[in-house]
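Input: a single structure, listed below in structure tokens.
The values are calculated or read from the model by the stated rules, or taken from the named source; none is laboratory data. Note that this is a predicted model, so its numbers are computed, not measured. Neighbour counts run over all protein chains shown; Cβ positions are idealised from the backbone, glycine included.
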Amino acid sequence: MSNCILCKDELKPEEGTLIWRGDDCRVILVNDPDLPGFCRVIWNHHVRELSDLTYGERELLMNLVNAVEEAVRHVMHPDKVNLAALGNQVPHIHWHVIPRYKDDAFFPGSVWSARTQQTLGSALEERRLKTLDLPAAIKSAIAALS
């Protein structure tokens, strides 16, 4: 679909960093100053619903989501990891893998809700530094799938 933002191949630096790309999916580290470690697992082809995928494709996608979650937990040490696949604004299969902390700007609500608090700059900087190790951890977790 030509107007789908997830169908485009290029990624602007302000949007995030491509960590891994396979034939069917890719993993992006989202550039979100409030939520270091926020990743997206994106299906490479324009498909709107999970049920439009074959069983094998669904298994691949969910294994990748799980691998990213495991890597995020291992590197970021969050209080909780949120997994979300909404698609209301962008009807293209993608999963959000979001490390959550009790002091993050939106806790305990979703990351799309209103801010509830201000995170200390030192805590955000510590988390940003951890994200430097995230690409290698994600690639390693994905490699372990095969």
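Within region 106-136, which residues are under 17 Å from the mean Cα position of the chain (by Cα), loosely packed, with under 15 Cβ neighbours inside 10 Å and under 28 Å from Met62 (Cβ atoms)?
Ser110, Trp112, Leu132, Asp133, Ala136
Check Leu83 against each of (1) part of a strand (DSSP E or B); (2) touching a Lys or Arg at 6+ places or on another chain (Cβ under 9 Å) and name the one condition it does not meet.
The number of the failed condition is (2).
What pairs can you find where one residue is in region 92-118 and under 28 Å from Glu49 (Cα atoms) and hydroxyl-bearing (Ser, Thr, Tyr), the other is in a strand (DSSP E or B) and modelled with pLDDT of 95 or more, and their Cβ atoms are less than 7 Å apart, with a gap of 6+ or different chains?
Note: no pairs meet the criteria.
Is it the case, given these coordinates, that Asp9 is in a loop (DSSP other than H, G, I, E, B) and either modelled with pLDDT of 95 or more or on the phi > 0 side of the Ramachandran plot (or both)? Write out each step before concluding.
Values: in a loop (DSSP other than H, G, I, E, B): yes; either modelled with pLDDT of 95 or more or on the phi > 0 side of the Ramachandran plot (or both): no.
Criteria not met by Asp9.
Given (1) loosely packed, with under 14 Cβ neighbours inside 10 Å; (2) closer than 22 Å to Ile138 by Cβ; (3) of a type outside the set (Ser, Thr, Tyr), identify the lone condition not met by Asn88.
(2)
Residue-wise test of (1) under 14 Å from the mean Cα position of the chain (by Cα); (2) crowded, with 20+ Cβ neighbours inside 10 Å; (3) small (Gly, Ala, Ser); (4) not in a loop (DSSP other than H, G, I, E, B).
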position: Asp23; (1), (2), (3), (4): no, no, no, no
position: Glu57; (1), (2), (3), (4): no, no, no, yes
position: Met62; (1), (2), (3), (4): yes, no, no, yes
position: Glu69; (1), (2), (3), (4): yes, yes, no, yes
position: Trp95; (1), (2), (3), (4): yes, yes, no, yes
position: Ile98; (1), (2), (3), (4): yes, yes, no, yes
position: Asp104; (1), (2), (3), (4): no, yes, no, no
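When both residues are 6+ apart or on different chains and their Cβ atoms are under 8 Å apart, which pairs have a first residue that lies in region 46-74 and is modelled with pLDDT of 95 or more, and a second that is of a type in the set (Asp, Glu) and not in a helix (DSSP H, G or I)?
Glu57/Asp24; Leu60/Asp24; Leu61/Asp24
Residues that are over 18 Å from Trp20 (Cα atoms) and touching a Lys or Arg at 6+ places or on another chain (Cβ under 9 Å): does region 127-136 have at least one?
For region 127-136, residues over 18 Å from Trp20 (Cα atoms) and touching a Lys or Arg at 6+ places or on another chain (Cβ under 9 Å): absent.
Note down all Cβ pairs under 7 Å where the first residue falls in region 25-41 and is free of Cβ contacts under 8 Å to residues at least 40 places away in the same chain and of a type in the set (Lys, Arg), the second is surrounded by fewer than 21 Cβ atoms within 10 Å (Cβ to Cβ) and assigned to a loop (DSSP other than H, G, I, E, B), and they're at least six residues apart or on different chains.
Once the first residue is free of Cβ contacts under 8 Å to residues at least 40 places away in the same chain and of a type in the set (Lys, Arg) and sits in region 25-41, its partners that are surrounded by fewer than 21 Cβ atoms within 10 Å (Cβ to Cβ) and assigned to a loop (DSSP other than H, G, I, E, B) give Arg26/Asn44.
Lys8 passes all but one of (1) without any contact (Cβ under 8 Å) to a residue 40 or more places away in the chain; (2) surrounded by 13 or more Cβ atoms within 10 Å (Cβ to Cβ); (3) not β-branched (Val, Ile, Thr); which number fails?
Of everything listed in (1) without any contact (Cβ under 8 Å) to a residue 40 or more places away in the chain; (2) surrounded by 13 or more Cβ atoms within 10 Å (Cβ to Cβ); (3) not β-branched (Val, Ile, Thr), Lys8 misses just condition (2).
Determine which single condition Ser110 fails, assuming it passes every other condition in (1) under 22 Å from Lys12 (Cβ atoms); (2) part of a loop (DSSP other than H, G, I, E, B).
Exception for Ser110: condition (1).
Would you point out the residue of region 33-55, among those that are among the charged types (D, E, K, R) and under 30 Å from Glu126 (Cβ atoms), that is nearest to the chain's Cα centre (by Cα)? Give the steps one after another, and end with the answer.
Here is the first cut: in region 33-55, the residues among the charged types (D, E, K, R) are 34, 40, 48-49, 52.
Then keep just the ones that are under 30 Å from Glu126 (Cβ atoms); that gives 34, 40.
Values: Asp34: 14, Arg40: 3 Å.
Of everything passing the filter in region 33-55, Arg40 is nearest to the chain's Cα centre (by Cα).
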